[in-house]
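K.L.:
The following block contains the structure, expressed as C-alpha coordinates.
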Amino acid sequence: MTVFRLGVKPSRRARPTTLTRTSFAQQAGFVRNRSRNIGSFGTKRCVIAAKFGKAGLTRSRTDGYWLDASRETRSAMTATTFTPWASLLGGGLIGLSAAVLIVFNGRIAGISDIVGRLLPPWSRDGGLAGRALFVAGLVAAPLLFEAGGYAIEQTVSPKLGLLALAGVLVGFGTIIGNGCTSGHGVCGLARLSSRSLVATLVFMATAVVTVFVTRHLA
Amino acid sequence: MTLLVYALAGLLFGSGLVISGMLDPAKVLNFLDFAGSWDPSLAFVLGGAVIVAAIGFRIAARRARPVLARQFHWPSRSDIDARVLIGPAIFGIGWGLSGFCPGPAVASLALLAPGTIVFVVALIAGMALARWILDRKPASDAAQGEDTALARSNALG
(Lines give C-alpha, C1' and ligand atoms only; values in the text may rest on other atoms or scores of the structure.)
Protein backbone atom coordinates (compact mmCIF):
# COMPACT_ATOMS: atom_id res chain seq x y z
CA MET A 1 0.00 0.00 0.00
CA THR A 2 2.64 2.48 1.03
CA VAL A 3 4.76 1.39 -1.89
CA PHE A 4 2.17 2.70 -4.28
CA ARG A 5 2.00 6.00 -2.45
CA LEU A 6 5.58 6.97 -3.11
CA GLY A 7 5.83 10.64 -3.77
CA VAL A 8 2.76 11.51 -1.78
CA LYS A 9 3.72 13.65 1.14
CA PRO A 10 1.82 12.47 4.23
CA SER A 11 0.93 16.04 5.10
CA ARG A 12 -0.84 16.44 1.81
CA ARG A 13 -2.68 13.20 1.97
CA ALA A 14 -6.29 13.71 2.80
CA ARG A 15 -7.56 11.01 5.08
CA PRO A 16 -10.34 8.76 3.89
CA THR A 17 -13.48 9.78 5.67
CA THR A 18 -16.86 8.27 5.99
CA LEU A 19 -19.51 10.87 5.49
CA THR A 20 -23.14 11.00 6.21
CA ARG A 21 -25.02 11.07 2.99
CA THR A 22 -25.92 14.73 2.85
CA SER A 23 -24.84 14.86 -0.68
CA PHE A 24 -24.65 17.49 -3.30
CA ALA A 25 -27.11 15.49 -5.33
CA GLN A 26 -29.66 15.65 -2.56
CA GLN A 27 -29.10 19.34 -2.06
CA ALA A 28 -29.46 19.95 -5.73
CA GLY A 29 -32.59 17.89 -5.78
CA PHE A 30 -31.61 15.28 -8.28
CA VAL A 31 -30.72 12.26 -6.26
CA ARG A 32 -30.75 9.44 -8.66
CA ASN A 33 -32.04 6.04 -7.98
CA ARG A 34 -28.76 4.24 -8.08
CA SER A 35 -28.32 3.17 -4.51
CA ARG A 36 -27.70 -0.45 -5.27
CA ASN A 37 -24.79 -1.68 -3.28
CA ILE A 38 -25.25 0.37 -0.16
CA GLY A 39 -24.84 -1.75 2.88
CA SER A 40 -22.18 -4.11 1.69
CA PHE A 41 -19.58 -1.50 1.02
CA GLY A 42 -21.61 1.59 0.27
CA THR A 43 -20.18 4.61 2.02
CA LYS A 44 -17.04 2.82 3.08
CA ARG A 45 -15.85 3.02 -0.49
CA CYS A 46 -16.31 6.76 -0.54
CA VAL A 47 -12.89 8.13 -0.04
CA ILE A 48 -13.58 11.76 0.48
CA ALA A 49 -10.93 14.33 0.25
CA ALA A 50 -10.94 18.02 -0.17
CA LYS A 51 -9.76 19.53 -3.37
CA PHE A 52 -9.46 22.89 -4.98
CA GLY A 53 -9.22 24.60 -1.60
CA LYS A 54 -12.73 25.09 -0.42
CA ALA A 55 -14.63 22.11 -1.54
CA GLY A 56 -14.64 19.03 -3.65
CA LEU A 57 -17.30 16.73 -4.90
CA THR A 58 -16.29 13.14 -4.83
CA ARG A 59 -18.38 10.17 -5.35
CA SER A 60 -18.06 6.51 -5.36
CA ARG A 61 -19.95 4.93 -8.15
CA THR A 62 -20.84 2.16 -5.76
CA ASP A 63 -23.72 4.13 -4.38
CA GLY A 64 -23.93 6.77 -7.03
CA TYR A 65 -24.15 9.79 -4.79
CA TRP A 66 -22.10 12.88 -5.13
CA LEU A 67 -20.71 13.66 -1.73
CA ASP A 68 -20.08 17.15 -0.54
CA ALA A 69 -16.60 17.25 0.82
CA SER A 70 -16.63 20.93 1.61
CA ARG A 71 -16.02 20.21 5.26
CA GLU A 72 -12.79 18.47 4.47
CA THR A 73 -10.69 21.50 3.84
CA ARG A 74 -7.43 20.53 5.43
CA SER A 75 -5.77 19.88 2.14
CA ALA A 76 -5.82 21.79 -1.09
CA MET A 77 -5.63 18.67 -3.18
CA THR A 78 -6.76 15.11 -3.32
CA ALA A 79 -4.10 12.48 -3.03
CA THR A 80 -4.63 9.62 -5.42
CA THR A 81 -3.17 6.15 -5.40
CA PHE A 82 -0.48 5.27 -7.91
CA THR A 83 -1.93 2.44 -9.98
CA PRO A 84 0.82 1.28 -12.35
CA TRP A 85 -0.74 -1.98 -13.51
CA ALA A 86 -4.32 -0.79 -13.87
CA SER A 87 -3.09 2.29 -15.70
CA LEU A 88 -0.86 0.26 -17.99
CA LEU A 89 -3.74 -2.11 -18.76
CA GLY A 90 -6.21 0.75 -19.27
CA GLY A 91 -3.68 2.52 -21.47
CA GLY A 92 -3.29 -0.67 -23.47
CA LEU A 93 -7.04 -0.73 -24.09
CA ILE A 94 -6.92 2.89 -25.26
CA GLY A 95 -4.09 1.94 -27.61
CA LEU A 96 -6.08 -1.08 -28.79
CA SER A 97 -9.00 1.23 -29.57
CA ALA A 98 -6.70 3.41 -31.69
CA ALA A 99 -5.22 0.32 -33.37
CA VAL A 100 -8.63 -1.14 -34.20
CA LEU A 101 -9.86 2.15 -35.60
CA ILE A 102 -6.89 2.66 -37.94
CA VAL A 103 -6.54 -0.96 -39.09
CA PHE A 104 -10.23 -1.60 -39.74
CA ASN A 105 -11.64 1.84 -40.53
CA GLY A 106 -8.56 3.81 -41.51
CA ARG A 107 -9.30 6.52 -38.95
CA ILE A 108 -7.32 8.21 -36.22
CA ALA A 109 -8.75 7.89 -32.70
CA GLY A 110 -8.54 11.54 -31.75
CA ILE A 111 -11.29 12.54 -29.37
CA SER A 112 -11.20 16.28 -30.02
CA ASP A 113 -11.40 15.56 -33.75
CA ILE A 114 -14.24 13.08 -33.36
CA VAL A 115 -16.22 15.33 -31.02
CA GLY A 116 -15.41 18.53 -32.91
CA ARG A 117 -16.65 17.08 -36.18
CA LEU A 118 -19.98 16.18 -34.64
CA LEU A 119 -20.63 19.92 -34.81
CA PRO A 120 -21.84 21.54 -38.00
CA PRO A 121 -20.71 22.26 -40.64
CA TRP A 122 -20.33 18.56 -41.28
CA SER A 123 -17.76 17.29 -43.72
CA ARG A 124 -19.19 14.96 -46.32
CA ASP A 125 -16.82 12.10 -45.67
CA GLY A 126 -19.49 9.71 -44.49
CA GLY A 127 -17.92 9.41 -41.07
CA LEU A 128 -20.54 11.28 -39.10
CA ALA A 129 -22.58 8.27 -38.00
CA GLY A 130 -19.40 6.43 -37.08
CA ARG A 131 -18.17 9.31 -34.97
CA ALA A 132 -21.51 9.51 -33.19
CA LEU A 133 -21.33 5.78 -32.46
CA PHE A 134 -17.77 6.11 -31.18
CA VAL A 135 -18.92 8.79 -28.73
CA ALA A 136 -21.89 6.64 -27.76
CA GLY A 137 -19.54 3.75 -26.96
CA LEU A 138 -17.27 6.10 -25.04
CA VAL A 139 -20.13 7.39 -22.91
CA ALA A 140 -21.63 3.93 -22.45
CA ALA A 141 -18.44 2.28 -21.19
CA PRO A 142 -18.47 3.76 -17.65
CA LEU A 143 -22.17 2.90 -17.33
CA LEU A 144 -21.47 -0.72 -18.23
CA PHE A 145 -18.69 -0.85 -15.65
CA GLU A 146 -20.90 0.51 -12.93
CA ALA A 147 -23.70 -1.83 -13.96
CA GLY A 148 -21.21 -4.59 -13.26
CA GLY A 149 -20.58 -3.24 -9.79
CA TYR A 150 -17.28 -1.48 -10.56
CA ALA A 151 -16.78 1.62 -8.44
CA ILE A 152 -15.59 4.57 -10.49
CA GLU A 153 -14.19 7.30 -8.33
CA GLN A 154 -14.14 10.86 -9.49
CA THR A 155 -13.38 14.12 -7.79
CA VAL A 156 -14.70 16.95 -9.91
CA SER A 157 -14.23 20.53 -8.81
CA PRO A 158 -17.43 22.25 -7.70
CA LYS A 159 -16.12 25.51 -9.16
CA LEU A 160 -18.34 25.59 -12.21
CA GLY A 161 -17.01 28.94 -13.46
CA LEU A 162 -13.48 27.58 -13.44
CA LEU A 163 -14.59 24.44 -15.29
CA ALA A 164 -16.44 26.53 -17.87
CA LEU A 165 -13.29 28.57 -18.52
CA ALA A 166 -11.20 25.40 -18.67
CA GLY A 167 -13.66 23.78 -21.07
CA VAL A 168 -13.52 26.70 -23.49
CA LEU A 169 -9.70 26.71 -23.38
CA VAL A 170 -9.51 22.95 -23.97
CA GLY A 171 -12.06 23.06 -26.81
CA PHE A 172 -10.47 26.06 -28.47
CA GLY A 173 -6.90 24.86 -28.01
CA THR A 174 -7.48 21.33 -29.28
CA ILE A 175 -9.15 22.52 -32.48
CA ILE A 176 -6.48 25.18 -33.14
CA GLY A 177 -3.73 22.68 -32.32
CA ASN A 178 -5.29 19.81 -34.30
CA GLY A 179 -5.41 17.44 -31.39
CA CYS A 180 -5.48 16.57 -27.72
CA THR A 181 -4.04 13.88 -25.47
CA SER A 182 -5.44 11.12 -27.67
CA GLY A 183 -4.74 12.48 -31.14
CA HIS A 184 -1.32 13.97 -30.45
CA GLY A 185 -0.42 12.17 -27.23
CA VAL A 186 -1.39 8.60 -28.11
CA CYS A 187 -1.79 8.36 -31.89
CA GLY A 188 0.78 11.01 -32.79
CA LEU A 189 3.51 9.60 -30.59
CA ALA A 190 2.70 6.08 -31.78
CA ARG A 191 3.19 7.28 -35.37
CA LEU A 192 6.45 8.99 -34.35
CA SER A 193 5.11 12.32 -35.59
CA SER A 194 7.40 15.19 -34.67
CA ARG A 195 4.47 17.59 -34.94
CA SER A 196 2.60 15.58 -32.33
CA LEU A 197 5.67 15.29 -30.11
CA VAL A 198 5.98 19.08 -30.09
CA ALA A 199 2.25 19.46 -29.36
CA THR A 200 2.41 16.92 -26.53
CA LEU A 201 5.43 18.56 -24.92
CA VAL A 202 3.77 21.98 -25.18
CA PHE A 203 0.47 20.99 -23.58
CA MET A 204 2.21 18.95 -20.88
CA ALA A 205 4.42 21.94 -20.10
CA THR A 206 1.65 24.53 -19.88
CA ALA A 207 -0.49 22.11 -17.85
CA VAL A 208 2.33 21.49 -15.36
CA VAL A 209 2.93 25.23 -15.04
CA THR A 210 -0.81 25.87 -14.60
CA VAL A 211 -1.09 23.27 -11.84
CA PHE A 212 2.00 24.65 -10.13
CA VAL A 213 0.63 28.18 -10.21
CA THR A 214 -2.87 27.26 -9.04
CA ARG A 215 -1.75 24.84 -6.33
CA HIS A 216 1.48 26.26 -5.04
CA LEU A 217 1.57 29.96 -5.85
CA ALA A 218 -2.03 31.13 -5.75
CA MET B 1 -19.66 -3.06 -40.30
CA THR B 2 -17.45 0.01 -40.00
CA LEU B 3 -20.13 1.45 -37.74
CA LEU B 4 -19.83 -1.54 -35.43
CA VAL B 5 -16.07 -1.01 -35.27
CA TYR B 6 -16.60 2.64 -34.36
CA ALA B 7 -18.89 1.66 -31.47
CA LEU B 8 -16.50 -1.08 -30.35
CA ALA B 9 -13.55 1.32 -30.49
CA GLY B 10 -15.52 3.81 -28.41
CA LEU B 11 -16.28 1.14 -25.83
CA LEU B 12 -12.64 0.04 -25.74
CA PHE B 13 -11.48 3.62 -25.35
CA GLY B 14 -13.99 4.31 -22.57
CA SER B 15 -13.12 1.04 -20.81
CA GLY B 16 -9.46 1.98 -20.96
CA LEU B 17 -10.22 5.33 -19.38
CA VAL B 18 -12.21 3.65 -16.60
CA ILE B 19 -9.61 0.99 -15.80
CA SER B 20 -6.67 3.38 -16.02
CA GLY B 21 -8.33 5.76 -13.54
CA MET B 22 -8.13 8.64 -16.01
CA LEU B 23 -11.79 9.54 -15.54
CA ASP B 24 -10.74 11.08 -12.23
CA PRO B 25 -9.47 14.63 -12.79
CA ALA B 26 -7.75 14.42 -9.40
CA LYS B 27 -5.49 11.68 -10.76
CA VAL B 28 -4.65 13.71 -13.84
CA LEU B 29 -3.93 16.85 -11.82
CA ASN B 30 -1.70 14.86 -9.48
CA PHE B 31 0.30 13.64 -12.45
CA LEU B 32 0.86 17.25 -13.42
CA ASP B 33 1.79 18.25 -9.87
CA PHE B 34 5.44 17.34 -9.45
CA ALA B 35 5.76 19.70 -6.51
CA GLY B 36 2.88 18.16 -4.58
CA SER B 37 1.01 14.88 -4.49
CA TRP B 38 2.57 13.42 -7.61
CA ASP B 39 0.88 10.36 -9.08
CA PRO B 40 2.80 8.92 -12.05
CA SER B 41 -0.13 6.78 -13.24
CA LEU B 42 -0.80 8.89 -16.35
CA ALA B 43 2.67 8.13 -17.69
CA PHE B 44 1.80 4.42 -17.55
CA VAL B 45 -1.49 5.06 -19.34
CA LEU B 46 0.25 6.99 -22.08
CA GLY B 47 3.05 4.42 -22.28
CA GLY B 48 0.68 1.47 -22.55
CA ALA B 49 -1.48 3.25 -25.09
CA VAL B 50 1.42 4.35 -27.29
CA ILE B 51 2.99 0.87 -27.36
CA VAL B 52 -0.24 -0.89 -28.39
CA ALA B 53 -1.25 1.88 -30.81
CA ALA B 54 2.21 1.80 -32.40
CA ILE B 55 1.73 -1.88 -33.21
CA GLY B 56 -1.61 -1.01 -34.80
CA PHE B 57 -0.10 1.81 -36.86
CA ARG B 58 2.71 -0.49 -38.05
CA ILE B 59 0.16 -3.01 -39.22
CA ALA B 60 -1.86 -0.25 -40.90
CA ALA B 61 1.19 1.23 -42.60
CA ARG B 62 1.89 -2.09 -44.33
CA ARG B 63 -1.58 -2.34 -45.74
CA ALA B 64 -2.77 -0.79 -48.97
CA ARG B 65 -6.16 -0.05 -47.44
CA PRO B 66 -7.99 -0.58 -44.16
CA VAL B 67 -9.73 -3.90 -43.59
CA LEU B 68 -13.22 -2.40 -43.89
CA ALA B 69 -12.83 1.01 -45.50
CA ARG B 70 -11.63 2.28 -48.86
CA GLN B 71 -8.70 4.38 -47.69
CA PHE B 72 -6.65 5.50 -44.73
CA HIS B 73 -7.27 8.98 -43.40
CA TRP B 74 -3.75 9.79 -42.26
CA PRO B 75 -3.10 13.18 -40.69
CA SER B 76 -1.97 15.40 -43.54
CA ARG B 77 0.48 17.61 -41.71
CA SER B 78 3.87 17.03 -40.18
CA ASP B 79 5.26 20.56 -40.12
CA ILE B 80 5.69 22.64 -37.00
CA ASP B 81 3.77 25.90 -37.31
CA ALA B 82 2.37 28.50 -34.95
CA ARG B 83 -0.90 26.63 -34.61
CA VAL B 84 0.70 23.51 -33.20
CA LEU B 85 2.41 25.65 -30.56
CA ILE B 86 -0.44 28.02 -29.66
CA GLY B 87 -3.26 25.46 -29.68
CA PRO B 88 -1.64 22.94 -27.33
CA ALA B 89 -0.42 25.78 -25.08
CA ILE B 90 -4.02 26.96 -24.63
CA PHE B 91 -5.27 23.40 -24.27
CA GLY B 92 -2.66 22.70 -21.58
CA ILE B 93 -3.82 25.65 -19.48
CA GLY B 94 -7.41 24.38 -19.55
CA TRP B 95 -6.22 20.84 -18.83
CA GLY B 96 -4.20 22.05 -15.86
CA LEU B 97 -7.11 24.08 -14.51
CA SER B 98 -9.61 21.24 -14.68
CA GLY B 99 -7.83 17.90 -14.96
CA PHE B 100 -10.10 17.16 -17.92
CA CYS B 101 -9.09 16.61 -21.50
CA PRO B 102 -11.77 15.86 -24.11
CA GLY B 103 -11.80 12.04 -23.81
CA PRO B 104 -12.32 11.65 -20.08
CA ALA B 105 -14.70 14.63 -19.96
CA VAL B 106 -17.00 13.23 -22.64
CA ALA B 107 -16.75 9.69 -21.26
CA SER B 108 -17.74 11.01 -17.81
CA LEU B 109 -20.88 12.68 -19.06
CA ALA B 110 -23.15 9.85 -17.98
CA LEU B 111 -21.72 9.97 -14.45
CA LEU B 112 -23.55 13.31 -14.26
CA ALA B 113 -21.17 15.40 -12.18
CA PRO B 114 -22.36 19.01 -12.50
CA GLY B 115 -18.80 20.11 -13.22
CA THR B 116 -18.42 17.59 -16.05
CA ILE B 117 -21.58 18.76 -17.76
CA VAL B 118 -20.51 22.41 -17.52
CA PHE B 119 -17.05 21.48 -18.81
CA VAL B 120 -18.36 19.57 -21.84
CA VAL B 121 -20.79 22.33 -22.81
CA ALA B 122 -17.93 24.83 -22.58
CA LEU B 123 -15.67 22.43 -24.49
CA ILE B 124 -18.12 22.31 -27.38
CA ALA B 125 -18.48 26.10 -27.31
CA GLY B 126 -14.68 26.46 -27.45
CA MET B 127 -14.48 24.05 -30.37
CA ALA B 128 -17.23 25.86 -32.23
CA LEU B 129 -15.46 29.18 -31.64
CA ALA B 130 -12.16 27.83 -32.96
CA ARG B 131 -13.80 26.34 -36.03
CA TRP B 132 -15.62 29.59 -36.70
CA ILE B 133 -12.37 31.55 -36.52
CA LEU B 134 -10.50 29.06 -38.72
CA ASP B 135 -13.30 29.11 -41.25
CA ARG B 136 -13.36 32.87 -41.46
CA LYS B 137 -9.81 33.18 -42.72
CA PRO B 138 -9.06 30.14 -44.80
CA ALA B 139 -7.04 32.18 -47.30
CA SER B 140 -4.06 32.62 -45.02
CA ASP B 141 -3.94 28.97 -44.23
CA ALA B 142 -5.26 26.98 -47.14
CA ALA B 143 -2.32 27.33 -49.44
CA GLN B 144 -1.99 23.71 -50.29
CA GLY B 145 -3.97 21.03 -51.99
CA GLU B 146 -7.31 19.50 -51.48
CA ASP B 147 -8.27 20.66 -48.07
CA THR B 148 -9.30 23.86 -46.38
CA ALA B 149 -7.93 25.09 -43.10
CA LEU B 150 -10.90 23.54 -41.40
CA ALA B 151 -10.43 20.17 -42.97
CA ARG B 152 -6.81 20.16 -42.00
CA SER B 153 -7.65 21.30 -38.52
CA ASN B 154 -9.57 18.09 -38.30
CA ALA B 155 -6.76 15.94 -39.52
CA LEU B 156 -5.97 14.79 -36.03
CA GLY B 157 -7.79 14.56 -32.75
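The values are calculated or read from the model by the stated rules, or taken from the named source; none is laboratory data. Being a predicted model, the structure only gives us computed values, none of them experimental. Reconstructed Cβ throughout: ideal geometry from the backbone, glycine too, with neighbour counts over all protein chains shown.
K.L.:
Please find, within the range A:81-130, the residue that is nearest to residue B:91 (Cα to Cα) out of those that are polar (S, T, N, Q) and either out of contact with any helix residue (DSSP H, G or I) (no Cβ under 9 Å at 6 or more places or on another chain) or within 7 Å of chain B (Cβ to nearest Cβ) (or both).
P.N.:
Here the residue is A:112.
K.L.:
Given the conditions (1) more than 14 Å from residue B:101 (Cα to Cα); (2) outside any strand (DSSP E or B); (3) not assigned by TED's automatic domain parsing to the domain that holds residue A:112, and given that residue A:170 satisfies all but one, which numbered condition is not satisfied?
P.N.:
Single failed check for residue A:170: (1).
K.L.:
Of all residues in the range B:101-137, count the ones that are under 17 Å from residue A:185 (Cβ atoms) and either surrounded by fewer than 21 Cβ atoms within 10 Å (Cβ to Cβ) or more than 7 Å from chain A (Cβ to nearest Cβ) (or both).
P.N.:
2
K.L.:
Under 7 Å by Cβ, and 6 or more places apart or on different chains, what pairs join a residue from the range B:68-92 that is under 17 Å from residue A:199 (Cα atoms) and charged (D, E, K, R) with one that is in a helix (DSSP H, G or I) and at pLDDT 90 or above?
P.N.:
That search, which allows pairs on different chains as well, returns B:77/A:195; B:79/A:195; B:83/A:176.
K.L.:
Collect the residues in the range B:38-66 that are buried (at least 22 other Cβ atoms within 10 Å of the Cβ) and among the charged types (D, E, K, R), keeping them in residue-number order.
P.N.:
Of everything in the range B:38-66, just one residue is buried (at least 22 other Cβ atoms within 10 Å of the Cβ) and among the charged types (D, E, K, R), namely B:39.
K.L.:
For the range A:146-189, which positions are under 21 Å from residue B:78 (Cα atoms) and surrounded by fewer than 24 Cβ atoms within 10 Å (Cβ to Cβ)?
P.N.:
A:189
K.L.:
A further question on this structure: All but one of (1) touching a strand residue (DSSP E or B) at 6+ places or on another chain (Cβ under 7 Å); (2) more than 7 Å from chain B (Cβ to nearest Cβ) hold for residue A:155, so report the exception by its number.
P.N.:
With (1) touching a strand residue (DSSP E or B) at 6+ places or on another chain (Cβ under 7 Å); (2) more than 7 Å from chain B (Cβ to nearest Cβ) applied to residue A:155, the lone miss is (2).
K.L.:
Ok, one more. Quick one: would you say residue A:137 is at pLDDT below 95, farther than 17 Å from residue B:45 by Cα and either more than 7 Å from every other protein chain (Cβ to nearest Cβ) or assigned to a helix (DSSP H, G or I) (or both)?
P.N.:
Here the answer is no, as residue A:137 does not meet what is asked.
K.L.:
Return the total of residues in the range A:181-203 being among the hydrophobic types (A, V, I, L, M, F, W, C) and more than 7 Å from chain B (Cβ to nearest Cβ).
P.N.:
Result for the range A:181-203: 3.
K.L.:
Of all residues in the range B:74-100, which are under 15 Å from the mean Cα position of the chain (by Cα) and in a helix (DSSP H, G or I)?
P.N.:
Within the range B:74-100, B:84, B:87, B:88, B:89, B:90, B:91, B:92, B:94, B:95 meet the criteria.
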